[in-house]
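**Student:** I'd like to ask some things about the structure below.
Readers should treat all values here as calculations from the given coordinates under stated rules, not as data from a laboratory. Since the model is a prediction, treat every value here as computed from it, not as a measurement. Virtual Cβ from ideal backbone geometry, glycine too; neighbours counted across all protein chains shown.
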Amino acid sequence: MELKAGTQLKSAVSTTEVVVVKPPGGEVALTCGGLPMVGKDEAPEMAGVQPGHEGAALLGKRYVDGPSDIEVLCTKAGDGQLAVDGRPLELKTAKPLPSSD
Amino acid sequence: MHLGLVLDMAASGFGDRTAVTVGGDSVTYAGLAERSWAASAQIGDRAVSSVVYLGTNHLAYPVALFGAAGAGVPFVPLNYRLGADQLAAQLEAHPGALVVHEGEPPAGADGDRFVGRQEFYDSLAVTGAAEPEAQDPDATCLLLYTSGTTSAPKAAVLRHRHLVSYLFGTCEFGAAGHDEAALVAVPPYHIAGVANLLSNLYAGRRIVYLDRFDPEGWLRTVREERVTQAMVIPTMLARIVEHLGEETDAGTPSLASLSYGGSRMAPAVLLRALELFGSTGFVNAYGLTETSSTIALLGPDDHRDALSSADPAVRARLGSVGRLLPGIELEVRDEAGRVLPPGEPGLLFLRGDQVSGEYTGTSLLDDDGWFCTRDRGHLDAEGYLFVEGRADDTIIRGGENIAPAEIEDVLLDHEGVVDAVVVGLPDDEWGQRLVGVVVPAEGGHPDPEELRRLVRARLRSSKTPEHIEFWDELPRTDTGKLLRRTVIARLAEAQGTAAPA
């Protein structure tokens, strides 16, 4: 599936949902808990987190991968490590701005 | 990206949380999404070309906004306080609109395109409305009429990608704690009202709307609803401070953050507010309608550092709008277009994904994407931005460019002055001469000569008003912007001279 800014994806192992904030440079495989993530409106066959792919995504956090330049935002928390082409995504840490509104 | 995505994300991430409270009524994030998508379907079926919202803040406001977004038509919140003629002209500019209104329909309403806001809201209590199809991020999301303090009102165009860039670039999704609540008292037709709604929804914070502002009601609502964040315009804060009188504490322990912006804050009001709200973090936000609201902010730490510093350059930052948000570029340019170094004042140019710089029919962005704000200002050595006011307000006296803000700040420093404006009137000898208008503090009447001496001592004689008048109040828009043209016209009329073109 083509990943564009705004594409919403969900996990096949947990409640995890993400939205693509920055699309990857080329075609990549985005996985959660070791299994491919699918479009938000699809109904994947659910399975458990695959061994060696344990982890969790936290609501509101952003996850990035250097080589592909992808950035996703977690819109629903859940179990399973997020990865791109087998590389675990890293939590992007940024000091939150004070609320101006 | 499209704004519909934001509501989808919020409904899926924290659908059970309360999104908006008005009076005694509330709606959850999931409920807001359901009603909004039901509205989108209704709007699509009726083939309306835009959705106009005419009234104060209400549960119907976010539903109308997201309903329009989901249907791919512009949302147009209008100033319900406008006179009948002006309002009729603005409604005429949106002939195919669905008009959601408060109270009686406006004069000349032709029936089926007009719907009362409660009726509109209640009619959408259906479940299972499908999420709208993905929409074009380049579509027009919002048409906002600027206040038109220097010219006739015109509609700024904000596209989905501008507003979503603002949210994704500056706010943290779902970051609000369960007990957080934001009190919103700015009107729905102002960019701050829209930005408040969107960024609080994005953060997952409960929004509490105050229908009409008065200082007592504002303070009571903060206490009763345990409000944690609030945004005010400077005139509101001035009234709150005045209302608290001799109190030593505002008595609002839940209030963690108070942001202000929209026009310049009198330094004395800010200092007094910092005393009264001692445990609250202050945020000064600067932005324009054309930039999807905030582009620079002075945060709580900046306020504290400036207050406690002995260094005049750091202390002066209390009067700045802080530093630029990530993703925003700024250039200070002179009239010939040369980029100026820090410390030198000039015109402010902005660039970034949230900057639209567009009005219906015209884009003001140059070939490289820069937007000229028509505001003047300068940066200090550490990147703090000081805004000196509109370029169009600059007074030229004997060839010298004078920013009235600098003189007004000195006048406002006098304890007998609660509001002040300085304008230029036509003068045969100097081109323009400076005249000050001052609103005295209750019961006081400062000596005009003393005020002039104060300005001369702090600035210089060429910046000293020749004459100072005393008025009961200054003309301002609903959102606190000073109407300088009205001041000039009144002064000119009183002196029997024609107002300058």
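**Student:** So for the range B:215-287, averaging the separation of alpha carbon pairs under 8 Å that are six or more residues apart and normalising by length, what relative contact order in percent results? Please list the in-between numbers first.
**Tutor:** Details: 102 pairs, mean separation 26.1, N = 73.
Dividing the mean separation by the residue count of the range B:215-287 yields 36 percent.
**Student:** How do the peptides B:116-126, B:283-293 rank, highest first, by the average count of neighbouring beta carbon atoms within 10 Å per residue? Mind dumping the intermediate values first?
**Tutor:** On the way: B:116-126: 16.1, B:283-293: 25.5.
My ranking of the peptides, most packed first, is B:283-293, B:116-126.
**Student:** Could you compute the net charge surrounding B:A441? Neighbours are other residues with a C-beta less than 11 Å from the C-beta of B:A441; K and R count +1, D and E count -1. Can you show the working numbers first?
**Tutor:** Working: positive: none; negative: B:E242, B:E415, B:D419, B:E442.
Cβ neighbours under 11 Å give a net charge of -4.
**Student:** I would also like to ask the following. The range B:252-304 to the range B:25-61: how many Å between their Cα centroids?
**Tutor:** 31 Å
**Student:** Give, as a single signed number, the net charge of other residues whose beta carbon lies under 12 Å from the beta carbon of A:D41, with Lys and Arg counted +1 and Asp and Glu -1. List each step's numbers first, then the result.
**Tutor:** Numbers: positive: A:K10, A:K40; negative: A:E17, A:E42, B:D8, B:E131, B:E133.
Its environment carries a net charge of -3.
**Student:** State the extension gain, in nm to one decimal, for the chain segment bounded by B:A310 and B:E104, taking 0.36 nm per residue of separation less the distance between their alpha-carbons. Walk me through the numbers on the way to the answer.
**Tutor:** On the way: separation 206, 0.36 × 206 = 74.16 nm, distance 5.72 nm.
Net length gain for the segment: 68.4 nm.
**Student:** Next question. For the pair B:T248 and B:R212, what calculated FRET efficiency results from E = 1/(1 + (r/R0)^6), where r is the Cβ-Cβ distance and R0 = 35 Å, to the nearest 0.05? List each step's numbers first, then the result.
**Tutor:** On the way: r = 28 Å, r/R0 = 0.80.
It comes to 0.80.
**Student:** Can you grab the distance from the C-alpha centre of the range B:145-205 to the C-alpha centre of the range B:344-358, Å, no decimals?
**Tutor:** 18 Å
**Student:** Cross-link partners among lysines for B:K463, C-alpha distance below 24 Å, same-chain residues fewer than 8 apart left out?
**Tutor:** B:K463 reaches B:K481.
**Student:** Which of the GluC sites (Glu not before Pro) found in the range A:1-88 are in a DSSP loop and have at most 14 neighbouring Cβ atoms, other than their own, within 10 Å?
**Tutor:** Details: sites: A:E2, A:E17, A:E27, A:E42, A:E45, A:E54, A:E71; in loops: A:E2, A:E27, A:E42, A:E45, A:E54.
Taking the range A:1-88 and a limit of 14 other Cβ atoms within 10 Å, the loop GluC sites (Glu not before Pro) found are A:E2, A:E27, A:E42, A:E45, A:E54.
**Student:** Suppose every K and R has +1 on its Cβ and every D and E has -1 on its Cβ; what is the size of the dipole of the protein assembly as shown about the Cα centre, in Debye to the nearest 20? Provide the component values of the computation, followed by the final result.
**Tutor:** Working: 51 positive and 85 negative charges, 56 e Å.
That gives a dipole near 260 debye.
**Student:** Among B:F386, B:G343, B:A33, which residue has its Cα positioned farthest towards the positive end of the charge dipole of the protein assembly as shown, with +1 placed on the Cβ of Lys and Arg, -1 on the Cβ of Asp and Glu, and the dipole taken about the Cα centre?
**Tutor:** Going by the charge dipole, the pick is B:G343.
**Student:** How would the range B:270-343 be classified by its alpha-carbon gyration tensor: rounded, prolate or oblate, with rounded meaning a/c under 1.5 and the a/b versus b/c comparison settling the rest? Numbers along the way, then the final one.
**Tutor:** Values: a/c = 2.79, a/b = 1.60, b/c = 1.75.
It is oblate, given that a/c is not under 1.5 and a/b is not larger than b/c.
**Student:** Is the range B:396-494 rounded, prolate or oblate when judged by the Cα gyration tensor, a ≥ b ≥ c being the square roots of its eigenvalues, rounded requiring a/c under 1.5 and prolate requiring a/b larger than b/c? Working shown, then result.
**Tutor:** Details: a/c = 1.66, a/b = 1.15, b/c = 1.45.
Cα axes put the range B:396-494 in the oblate bin.
**Student:** Among B:184-196, B:250-262, what's the highest-first ranking by average C-beta atoms within 10 angstrom per residue?
**Tutor:** Numbers: B:184-196: 24.4, B:250-262: 20.2.
Ranking the peptides B:184-196, B:250-262 by packing returns B:184-196, B:250-262.
**Student:** Let me know the shape class of the range B:90-132, please: from the alpha-carbon gyration tensor, a ≥ b ≥ c as square roots of the eigenvalues, rounded when a/c is under 1.5, otherwise prolate if a/b is greater than b/c, or oblate. Could you put the intermediate results ahead of the total?
**Tutor:** On the way: a/c = 3.31, a/b = 1.72, b/c = 1.93.
Note, shape of the range B:90-132 comes out oblate.
**Student:** Dipole size in debye (nearest 20) for chain B around its Cα centre, Lys and Arg Cβ +1, Asp and Glu Cβ -1?
**Tutor:** Details: 41 positive and 71 negative charges, 39 e Å.
That gives chain B a dipole magnitude of about 180 debye.
**Student:** Between the alpha-carbon centers of the range A:1-57 and the range B:399-454, tell me the distance in whole angstrom.
**Tutor:** 63 Å
**Student:** For peptide B:171-180, compute the average count of partner chain beta-carbon atoms within 10 Å of each residue's beta-carbon. Don't jump to the answer; show the numbers that get you there.
**Tutor:** Values: counts 6, 8, 9, 9, 5, 2, 0, 0, 0, 1.
Rounded to a whole number, the mean comes out at 4.
**Student:** Please identify every one of the trypsin sites (Lys or Arg not before Pro) in the range B:428-491 that sits in a loop by DSSP and has no more than 14 other beta carbons within 10 Å of its own beta carbon. Walk me through the numbers before you get to the answer.
**Tutor:** Details: sites: B:R433, B:R452, B:R453, B:R456, B:R458, B:R460, B:K463, B:R476, B:K481, B:R484, B:R485, B:R490; in loops: B:R460, B:K481.
Within the range B:428-491, the qualifying trypsin sites (Lys or Arg not before Pro) (loop, at most 14 other Cβ atoms within 10 Å) are B:R460.
**Student:** Sticking with this one: Quick check for me: using +1 on Lys/Arg Cβ and -1 on Asp/Glu Cβ, what's the dipole size of the range B:1-159 about its Cα centre, in debye to the nearest 20? Don't jump to the answer; show the numbers that get you there.
**Tutor:** Values: 8 positive and 17 negative charges, 80 e Å.
Value, rounded to 20: 380 debye.
**Student:** Right, something else. What is the mean number of Cβ atoms from other protein chains located within 10 Å of the Cβ atom of each residue in peptide B:193-205, rounded to a whole number?
**Tutor:** Details: counts 1, 1, 2, 3, 1, 1, 3, 2, 0, 2, 4, 2, 2.
For peptide B:193-205, the averaged partner shielding equals 2.
**Student:** Looking only at other chains, what is the average number of their beta-carbon atoms within 10 angstrom of each beta-carbon in A:87-100?
**Tutor:** Values: counts 0, 0, 0, 0, 0, 0, 0, 2, 0, 5, 10, 15, 24, 26.
Taking all residues of A:87-100 together, the mean is 6.
**Student:** Roughly what would the spin-label model give for B:A441 and B:H178, points 7 Å off Cα along C-beta, in nm?
**Tutor:** A separation of 4.7 nm, rounded to one decimal place.
**Student:** A further question follows. Relative contact order for chain A using alpha-carbon pairs under 8 Å, separation at least 6, rounded to a whole percent? If you can, show how the numbers build up before the last one.
**Tutor:** Numbers: 241 pairs, mean separation 31.1, N = 101.
Reported as a whole number, the value is 31 percent.
**Student:** Name the aspartates and glutamates eligible as straight-distance cross-link partners of B:K154: C-alpha to C-alpha under 16 Å, and not fewer than 8 places from it in the same chain.
**Tutor:** Output for B:K154: B:D85, B:E92, B:E290, B:E358.
**Student:** How big is the antiparallel share of DSSP beta bridges in the range B:396-494, given as a percent to the nearest 5? Spell out each step's value before the answer.
**Tutor:** Working: 13 of 17 bridges.
Of all bridge pairs located within the range B:396-494, approximately 75 percent are antiparallel.
**Student:** Quickly estimate the mean residue ellipticity at 222 nm for chain B, helices only: each DSSP H run with n ≥ 4 gives -39500 (n - 2.57), and the total goes over all residues, rounded to 500. Spell out each step's value before the answer.
**Tutor:** On the way: 15 runs with 156 residues, N = 501.
Taking each H run of at least 4 residues, the total per residue is -9500 deg cm²/dmol.
**Student:** DSSP loop (so not H, G, I, E, B), at most 15 other Cβ within 10 Å: list which GluC sites (Glu not before Pro) in the range B:380-486 pass both filters. Show your work: numbers first, answer last.
**Tutor:** Working: sites: B:E382, B:E388, B:E400, B:E406, B:E408, B:E415, B:E429, B:E442, B:E449, B:E450, B:E466, B:E469, B:E473; in loops: B:E382, B:E415, B:E429, B:E442, B:E466, B:E473.
Here the sparse-neighbourhood loop sites are B:E382, B:E415, B:E429, B:E442, B:E466, B:E473.
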